[in-house]
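Quick note: the coordinates plus some simple rules give every number you see, no bench work behind them. Note that the coordinates shown come from a computational prediction; the quantities given were computed from them, not determined experimentally. Using ideal geometry, Cβ is built from the backbone for each residue, glycine included, and neighbour counts are taken over all protein chains shown.
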There are 2 protein chains.
Amino acid sequence: MKVSIKDIAKRAEVSPSTVSRALKNHPRISAAMCDRIQTLAHEMGYVPSEAARLLVGQQTPTIGVAIPDFSDPFYMNMLMGIEEVAIAHQHELFVGSFNQDLHRQRKLFDAFDQKRLAGVVVAGSLVDAAYLSRAQANAPAVLVNHYDYPHAVAVDQKRGISKAVNHLVSLGHQRIAYVSLGTTTDSDSLRYAGYLDALETANLPTHSDWVIAGDGGLQGGLAAADKLLQATAVPTAVVCYNDRTAIGVINGLHQHGYAVPTDFSVIGFDDLEIAGYFLPSLTTLRQPHIHLGRQAAEKLFALMHGATVQAELLEPELIRRNSTGPVRATMD
Amino acid sequence: MKVSIKDIAKRAEVSPSTVSRALKNHPRISAAMCDRIQTLAHEMGYVPSEAARLLVGQQTPTIGVAIPDFSDPFYMNMLMGIEEVAIAHQHELFVGSFNQDLHRQRKLFDAFDQKRLAGVVVAGSLVDAAYLSRAQANAPAVLVNHYDYPHAVAVDQKRGISKAVNHLVSLGHQRIAYVSLGTTTDSDSLRYAGYLDALETANLPTHSDWVIAGDGGLQGGLAAADKLLQATAVPTAVVCYNDRTAIGVINGLHQHGYAVPTDFSVIGFDDLEIAGYFLPSLTTLRQPHIHLGRQAAEKLFALMHGATVQAELLEPELIRRNSTGPVRATMD
DNA sequence: AATAATTGCGCAAACGTTTGCACAATTATA
DNA sequence: TATAATTGTGCAAACGTTTGCGCAATTATT
């Protein structure tokens, strides 16, 4: 069995309270005693029980993070940002994914709750906010890229996609498609709204063949390319829900013998690291992933310390690379 | 404050023990009582305290996972495999990264220990196994892609790289370079050994200019391409520590006006999802990521249930795609 | 109708830690 | 030299659960 403070107390012939205090250099314990206890504790391989500490009213030095999916690099980058500031605050991360499944998400929130975590950050726009605020009634929470919550940090996704469309318009494109996330979430709705808005502002036509459901991943992008090429009027440019979708689309077009940006312009969203290394490199909207994570974590710690924070909306930046270019003369 | 079992007991005018039992449908509690307590508990928003449970000798339904880095998709895929079986066993994941820093890793192991986790899986070849086994004396641990440990699941990395070299040899390549991880870990040593072995078996020359330090990521691959092109005798093929490095290399070569596989053959390791979607698609050695994670987790749960397990060595499979081809006629 | 088994519930201890309070011994102040 | 302040340590309660044991009331067995 694990060695406890009592075991040390017995060996040292002092009371448990003295041991407890000596271990944390309590001012009322003599330096000699502190030394003696600490080396003894180390010898005996003592490891404090976080559970016992938690029970007497302390906080777990742990914050929970809920992400939709381990396979999306965007969230991983965000995680790195969160982890960075968590470590700076001497906290650990408890990470769980819920795979766009609200049931799983609730389970996760329950786990957070049972563990009495110090705080929680939830990523993604699919979140059962009601459940969250009920469960985490006394642990603060910060949401990333979700809007219906008091504490959030998000990028302006609608504006981002509008920028993408405007960029394509400025290159002369008139038939512009959108490949969506495929599941109905705020993120997708907002981006789609940005697409429609910009099109309307530019007085450009929409077409039901031009909005295709992807799946947020490479496979979905690939499949979307097939459908795009079967449209009654084939578009010349496509803006994608995210970079991974864009890469899938480019690959799909390539399989049909088309080149980007010669034959089609394709634009992504996220600016994943791979976006700069893909061939062609991806024009995209940069989400400041790591910054987003850092901001969320900073806000969370502020909340945990009783401060009040306000939501923050960041503007994504258009990164021009080689997947977009002027519209080709004509399409037969 | 959080509502406790005692609060429920008071409201229901029964003893805490009855509440505790009623909540888990103890056979000696009447069905009526169970119902009454359970609905009451739900109304009052009761959430059991894991800490208290842990204290009375139960296990945390949580396993710890230590990974080198959130930015490497390989580990993320592995995580998904682990998570899959963890959920099946009603356990949650506590994930931490240590960024190839042994000090951070120890901190992480300490955290695992303080939380009295049920078990631990550690990914990557850089692990302080001594520290781990001391700390986790009574919690079982499984290692992924590490060899000096009783319980491990790994792919044969040396054999994998040898396969890569053999493939290139069969295509007629004679000057074959290796881009390493850059930091000295078992994984890198093994892959490098596989490279040397295969070269020797094939009676091919080595050259100090042909082994270049990368960083395991895209940036390192890009930089490596520059150095490769400056070699006294420029190689015709390059085998890379992993897929991300390979993508970086291809991109670097591209920036210098060279095409793959026309001018150079490049081969990766991992078979990340992106490997099939990159242009050109990557020839690589498949590590069965998800399977690896699943296996590790299965072994861990077996250990937790007192079974004995043995280490497992999987053979990576060569996936031929479009980043390798026959050696070009001549290099000027 | 007496005994045995079963059913339903409460008591109290235990898990490992922290912390307010008390108390003795030492040292500083008047 | 008496009193006050300081220093070093121990007692015991508390945190929220679980669980072995005991006991009464009910039901089943002869």
Report the net charge of residues surrounding A:Gly194, where surrounding means a beta-carbon distance below 13 angstrom and charges are Lys +1, Arg +1, Asp -1, Glu -1.
-2
After finding the eigenvalues of the alpha carbon gyration tensor for the stretch A:219-332, what semi-axes result from the square roots of 5 times each, listed largest first in whole Å?
36, 13, 12
Starting from a label point 7 Å past Cα on the Cβ side, list the distances from B:Gln90 to the same position in the other copies, nm, shortest first.
3.6
Measuring label to label, 7 Å along Cα→Cβ, what does A:Gln58 give against each other copy in nm, shortest first?
2.3
Over the Cα atoms of the stretch B:5-48, what is the Rg over Rh ratio if Rh follows Kirkwood?
0.91
Spherically averaged projected area of the stretch B:56-181 from its Cα convex hull (nm²)
9.4 nm²
Using the alpha carbons of the stretch A:242-296, what is the convex hull volume per residue in cubic angstrom, as a whole number?
59 Å³
If each K or R counts +1 and each D or E counts -1, the residues other than B:Asn25 whose Cβ falls under 14 Å of its Cβ total +3
For the stretch A:1-81 the translational diffusion coefficient, Stokes-Einstein from a Kirkwood Rh over Cα pairs at 37 °C and viscosity 0.692 mPa s, in µm²/s, is roughly 215 µm²/s
May I ask for the percentage of alpha-carbon pairs in the protein assembly as shown that lie more than 34 Å from each other?
52 percent
Sites removed, the longest contiguous part of chain B containing no DSSP-loop trypsin sites (Lys or Arg not before Pro) with at most 15 other Cβ within 10 Å is B:29-319
Could you point to the residue in A:Thr201, A:Leu171, A:Ala154 farthest towards the positive end of the protein assembly as shown's charge dipole, with +1 and -1 charges on the Cβ of Lys/Arg and Asp/Glu respectively?
A:Ala154
Give me the log10 of I(q) over I(0) for chain B at q = 0.13 Å⁻¹, as the Debye formula computes it from C-alpha points; what are the numbers?
-0.93
One decimal, nm, nearest first: from B:Arg106 to the same residue in each other copy, label points 7 Å out along Cα→Cβ, the values are 4.5
Skipping prolines and chain starts, which residues have an amide H placed within reach, meaning under 5 Å, of the one on B:Val95, given they are 5 or more residues away or on another chain?
A:Val95, B:Val65
Work through the residues other than A:Ile82 whose Cβ is under 12 Å from its Cβ and net out their charges, Lys, Arg +1 and Asp, Glu -1.
-2
Volume of the Cα convex hull of the stretch B:157-288, divided per residue and given in Å³:
91 Å³
Rounded to the nearest 500, the 222 nm mean residue ellipticity computed for chain A from DSSP H runs (n ≥ 4, each -39500 (n - 2.57)) alone is -13500 deg cm²/dmol
To the nearest 0.05, the calculated FRET efficiency linking B:Leu55 and A:Lys107 through their beta-carbon distance, R0 being 22 Å, is 0.40
